[in-house]
Amino acid sequence: MVTTDISQLSAECSSWRQAMRNYREIFTQLKNDLQQVAGRISQKDLLQDVEHYQNQFHIQLINIHDIKHQIKALDQKISHEMASGQVSDQSLSEHEQLHNSFESLSHDLQALKAAFTQFLKKVP
């Protein structure tokens, strides 16, 4: 593996971690927005939606935290392997799996954000 490929792996990890930091900020704000509108809601079906979004935001913030740390650990592993001369096939495989997890989580987060935006439009 050439050095540019390894630096690309590290750059991707850095980019993914920054994206997760951004998502954490967004979903923390959405959680705060939900708390603000929850006090104005009295309709039973909307209250069920509030509970659903509270649970989803909590779960997704945990997912963001977990994948951010997985990315950091992989980046450190790749850097360590690079210092010793070669990145292992296992690390390359982990990078690909983590990329798939990152893409999947990003898709889920965007869908949740869009659904919550639609929910806010229903709130009086």
Quick one: which of 89-95, 73-79 comes out on top by average Cβ neighbours within 10 Å, and what's the full order, highest first? 73-79, 89-95
D_trans [Stokes-Einstein, Kirkwood Rh over alpha-carbon pairs] for the chain, 10 °C, 1.306 mPa s, µm² s⁻¹: 98 µm²/s
For the chain, size of Cβ-based charge dipole, Lys and Arg +1, Asp and Glu -1, in debye: 720 debye
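I'd like the FRET efficiency for Ser104 and Arg21, computed as 1/(1 + (r/R0)^6) with the beta carbon distance as r and R0 of 22 Å, rounded to 0.05.
Given R0 = 22 Å and the Cβ-Cβ separation, E is 0.75.
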Out of Leu109, His95, Gln35 - ranked by how far each Cα lies towards the positive end of the dipole of the chain, with unit charges on the beta-carbon of charged residues - the top one is Gln35
Could you pull out every one of the lysines with an alpha carbon less than 22 Å from that of Lys121, ignoring same-chain neighbours closer than 8 positions? Lys31, Lys44, Lys113
Which FRET efficiency, nearest 0.05, do Ala111 and Gln29 yield, Cβ-Cβ r, R0 22 Å? 0.80
Given the options Leu30, Leu47, Leu61, which has the most mean-square fluctuation in a GNM of the chain, springs set between C-alpha atoms less than 10 angstrom apart? Leu47
Taking a cut-off of 18 Å between Cα atoms, list the lysines near Lys77, but don't count ones fewer than 8 places away on the same chain. Lys68
Pull out the extension gain between Asp45 and His65, defined as 0.36 nm times the separation in residues minus the alpha carbon to alpha carbon distance; nm, one decimal. 4.2 nm
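FRET efficiency for Asp5 and His52, Cβ-Cβ distance as r, R0 = 41 Å, nearest 0.05? Can you show the working numbers first?
Numbers: r = 43 Å, r/R0 = 1.05.
That gives a FRET efficiency of 0.45.
Placing unit charges on C-beta atoms (Lys and Arg positive, Asp and Glu negative, everything else neutral), compute the dipole magnitude of the stretch 1-52 about its Cα centre in debye, rounded to 20.
Around 180 debye, computed over the stretch 1-52.
Every read-out reported here was derived from the displayed coordinates using simple, explicitly stated rules and does not represent laboratory data. All values reported here derive from a predicted model rather than from experimental measurement. A quick note on method: Cβ atoms are made from the backbone with ideal geometry, for glycine too, and the neighbour counts reach across all protein chains shown.
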